[in-house]
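The values are calculated or read from the model by the stated rules, or taken from the named source; none is laboratory data. Keep in mind that this is a model prediction, so the values were computed, not measured. Note that we place each Cβ from the backbone using ideal geometry, even for glycine, and neighbour counts take in every protein chain shown. We work out accessible area using only protein heavy atoms, side chains counted, and drop any ligands, DNA or RNA first. Shrake-Rupley method; radii C 1.70, N 1.55, O 1.52, S 1.80 Å.
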Amino acid sequence: MQEKQNISAFKSETIELVNKIINRYPEGRQKSALLPILHIAQAENNGWLSTGIMDYVALLLNLQPIEVYEVATFYSMFNLEPVGNCVIEVCQTGPCWLKGSDEILAHFEKRLGIKPGETTEDGKFTLKTVECLAACGNAPVIQVGTDYHENLTTEKVDELIEKWKAENKVSHSNPYL
Amino acid sequence: MARKILLHDIDVANLTDFNVYRNLGGYTAVEKMFKNFTPDQLTEEVKKSGLRGRGGAGFPTGLKWSFLDKKTDKPRYFVCNFDESEPGTFKDRHIGQLNPHQLIEGMILGSYALGVRTAYVYIRGELFYVLKIIEKAIEEAYQNGFLGENIKGSAYSLDLYCQPGAGAYICGEETALLESLEGKRGNPRIKPPFPAVVGLYGCPTVVNNVETIASLPWIINNGAEAYAAIGTEKSKGTKLISACGHINKPGVYEIELGLPVEEFIYSDEYCGGIRNGNKLKAVIAGGSSVPILPAELILKTAKGEPRLLSYESLEEGGFETGTMLGSGGFIVMDDTTCMVKSLLTYARFYHHESCGQCSPCREGTGWMENILRRIDTGKGSMKDIDLLVHIAKHVEGNTICPLGDAAAWPVASAIRHFREEFEEHIKLQQCRFTK
Ligand SMILES: Cc1cc2nc3c(=O)[nH]c(=O)nc-3n(C[C@H](O)[C@H](O)[C@H](O)COP(=O)(O)O)c2cc1C
Ligand code: SF4
Ligand code: FES
């Protein structure tokens, strides 16, 4: 309850977007907006869903908080713990494995000094493994925010890490904007 | 060159723009529909075309539409399944990002036939960038009078929206998709009732795959007979095959159903052969859920006939020596591939993606993953092989939705065809392929 008070409401543009999305469903079916709104909420809350932000979403959609928690815990794109600024998701399923995703993951682990599920001490990077991203023809594949990076090699990984470091990459931003 | 229906214009620059699509004859099927077809006639036309669902199950599309409950006065819904999460499958993304208007035109045709006023495209959340391409195209379709009130002066009105998922393979199963679209966990529903009677918000609903829907404009423009003239007796028309793995040219290819597998793998028009001149070892022909086949059985059936890319030819021999066309996700493995490790990645996938509602699937997928990891890391025993077969057999057919079967079949088929390799892995206590 205490946490709730700390949550600042969405900006007015975000509220406008939320209302536009709610209008896509029949009267009384605003719960259908939950997944799109959670994507937005996560982006606006540093890339993860705190209890506070989920309670706020429940309020917006006129739902019980539990209805939000049970959904947030089901879908793998929702982070329930704080993450780094740049979340790197490495695909591990068969087709990517055939094309060397193990080496790509190992290279990220070595370069960043973390294992999947961990965040670097400076809070800049989080490493995650994910399942097939529907880009297997260009394996190995990673996703960062809404961007796909395909046909990866260890050299390309090095270039990407340098680039992200230089620009202080933040991977979570409102996916609708 | 094979005939192109779905990918005919795919290389045209700026095809995502309404005007470019329109100038290539886009949206003429909608105009023709208003002039020549009642909704029921349109359904008949799709029935006559022989089009079968491209999402994996291959169910006849027109027949599925005819099951829609039209007796109630509830609204009806048409939903496009753009979840595309079956490993090895990346064909719908190709259409969505390069030719979104083709999908929208198909959505209008299907919605009209079904008497639908509101339709949704449910797209996996990872593909948000494709969602935005489709949303922009939808906006253009509204601006040009192909969506919204009284489309092109007809009395027909349609609203179309795009909805993101959030990372859950199970939401590709159509009832889980509907739950997800209602803002809930993606738990598959017990059937019956089928969505045609009780679907989205409890209303009659049809769910179709992206590729199925994108095939509709061509069928209406060119006629059901023209479509049915392509392909084989039981497999009409063309199919997108997304080919990946150890081939020289991975990518999305449109084939006329009935193309020999050997030609698909080795000709330069398609996969261009195996990388580095290596030998073909195995193929998973229809997305990770279908049985794997060794080289000799994917190139030729057990009867010695050439294996074709069609529903019936791939099924020839049943699960003993055959497989399925599935989603058309074609995963090719050369002779450097370890079958134990390959299978482990799929077992982990199904365990991760099980929604957890039924115990055989929730527990069985975890057990299969653990046993395979044990074998992979050199700690397996010979008994583990039969244990895997035993678990797979008890998961299959004992669950609410087909994810249980999808998790069991890869395990059963890999052991059926590559048992010695599993035994060798256990004996050596390590992988022969790791350098
Ligand atoms: C576990 C599971 C995952 C599925 N994933 C997809 C998918 O990603 N895309 C899809 O179109 N169909 C998928 N299907 C099939 C759908 O349930 C449904 O049959 C299909 O969307 C119907 O469309 P169609 O008749 O046009 O093929 C899946 C089925 C199961 C059991
Ligand atoms: S078979 Fe698996 S995925 Fe399907 S409903 Fe049961 S537990 Fe869920
Ligand atoms: S397996 Fe990685 S994108 Fe499909």
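Scanning region B:163-181 for residues that are among the small types (G, A, S), within 13 Å of ligand 1 (Cβ to nearest atom) and assigned to a loop (DSSP other than H, G, I, E, B) yields B:G165, B:G167, B:A168. Flag set for B:G186, criterion: within 16 Å of ligand 2 (Cβ to nearest atom), part of a loop (DSSP other than H, G, I, E, B), within 11 Å of chain A (Cβ to nearest Cβ) and surrounded by 24 or more Cβ atoms within 10 Å (Cβ to Cβ). When A:K115, A:K99, A:K128 are checked against the criterion of being closer than 20 Å to A:L80 by Cα, of a type outside the set (G, A, S) and either in contact (Cβ under 8 Å) with a residue 40 or more places away in the chain or open to solvent by less than 30 Å² (accessible area, probe 1.4 Å) (or both), A:K128 stands alone in meeting it. Looking for something touching a strand residue (DSSP E or B) at 6+ places or on another chain (Cβ under 7 Å) and either open to solvent by 10 Å² or more (accessible area, probe 1.4 Å) or away from ligand 3 (no atom under 16 Å from the Cβ) (or both) - is there at least one such residue anywhere in region B:30-39? No, region B:30-39 has no match at all. For region B:140-162, filtered to residues that are within 12 Å of chain A (Cβ to nearest Cβ) and either out of contact with any Lys or Arg (no Cβ under 8 Å at 6 or more places or on another chain) or in a helix (DSSP H, G or I) (or both), the residue that is farthest from ligand 3 (Cβ to nearest atom) is B:L160.
Would you be able to say whether some residue in region B:83-91 is away from chain A (no Cβ under 14 Å), modelled with pLDDT of 95 or more, closer than 23 Å to B:P193 by Cβ and open to solvent by less than 50 Å² (accessible area, probe 1.4 Å)? No, every residue in region B:83-91 fails to be away from chain A (no Cβ under 14 Å), modelled with pLDDT of 95 or more, closer than 23 Å to B:P193 by Cβ and open to solvent by less than 50 Å² (accessible area, probe 1.4 Å). For B:E135, the requirement of being more than 8 Å from chain A (Cβ to nearest Cβ) and either assigned to a helix (DSSP H, G or I) or surrounded by fewer than 24 Cβ atoms within 10 Å (Cβ to Cβ) (or both) is met. Among the residues of region B:393-408, the one identified as more than 8 Å from ligand 2 (Cβ to nearest atom) and within 14 Å of chain A (Cβ to nearest Cβ) is B:A406.
Checked against the criterion of being part of a loop (DSSP other than H, G, I, E, B), of a type outside the set (D, E, K, R) and under 11 Å from B:I213 (Cα atoms), the candidates B:G88, B:G106, B:G55 yield just one match: B:G55. B:G380 meets the stated requirement of being away from ligand 1 (no atom under 16 Å from the Cβ), of a type in the set (G, A, S) and either part of a helix (DSSP H, G or I) or surrounded by 17 or more Cβ atoms within 10 Å (Cβ to Cβ) (or both).
Per the conditions (1) away from every other protein chain (no Cβ under 12 Å); (2) within 16 Å of ligand 2 (Cβ to nearest atom), the sole criterion not satisfied by B:C355 is (1).
Here A:F74 meets each of (1) within 16 Å of ligand 2 (Cβ to nearest atom); (2) open to solvent by 40 Å² or more (accessible area, probe 1.4 Å); (3) among the aromatic types (F, W, Y) with one exception, condition (2).
The rows are residues; the columns are (1) farther than 19 Å from B:S49 by Cα; (2) out of contact with any Lys or Arg (no Cβ under 9 Å at 6 or more places or on another chain); (3) not hydroxyl-bearing (S, T, Y).
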{"residue": "B:I230", "(1), (2), (3)": "no, no, yes"}
{"residue": "B:E233", "(1), (2), (3)": "no, yes, yes"}
{"residue": "B:K239", "(1), (2), (3)": "no, no, yes"}
{"residue": "B:E254", "(1), (2), (3)": "no, no, yes"}
{"residue": "B:E263", "(1), (2), (3)": "yes, yes, yes"}
{"residue": "B:Y266", "(1), (2), (3)": "yes, yes, no"}
{"residue": "B:Y270", "(1), (2), (3)": "yes, no, no"}
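Of the listed requirements (1) of a type outside the set (V, I, T); (2) within 16 Å of ligand 1 (Cβ to nearest atom); (3) within 21 Å of A:V90 (Cα to Cα), B:P360 misses just one: (3). Any residue in region A:99-112 that is closer than 30 Å to B:T118 by Cα and out of contact with any Phe, Trp or Tyr (no Cβ under 9 Å at 6 or more places or on another chain)? Within region A:99-112, not a single residue is closer than 30 Å to B:T118 by Cα and out of contact with any Phe, Trp or Tyr (no Cβ under 9 Å at 6 or more places or on another chain). Regarding B:G53, is this residue more than 16 Å from ligand 3 (Cβ to nearest atom) and either touching a helix residue (DSSP H, G or I) at 6+ places or on another chain (Cβ under 7 Å) or within 14 Å of chain A (Cβ to nearest Cβ) (or both)? Answer is yes for this residue.
Taking the criterion of being touching a Leu at 6+ places or on another chain (Cβ under 9 Å) and within 16 Å of ligand 2 (Cβ to nearest atom), the residues of region B:189-206 that qualify are B:R189, B:P195. Based on this model, can you work out whether A:P26 counts as open to solvent by less than 60 Å² (accessible area, probe 1.4 Å), at the interface with chain B (Cβ under 9 Å from one of its Cβ atoms) and farther than 18 Å from B:G186 by Cβ? Yes, satisfied.
Within region B:307-347, which residues are open to solvent by 20 Å² or more (accessible area, probe 1.4 Å) and either free of Cβ contacts under 8 Å to residues at least 24 places away in the same chain or of a type in the set (F, W, Y) (or both)? Scanning region B:307-347 gives B:E315, B:E316, B:G317, B:G318, B:F319.
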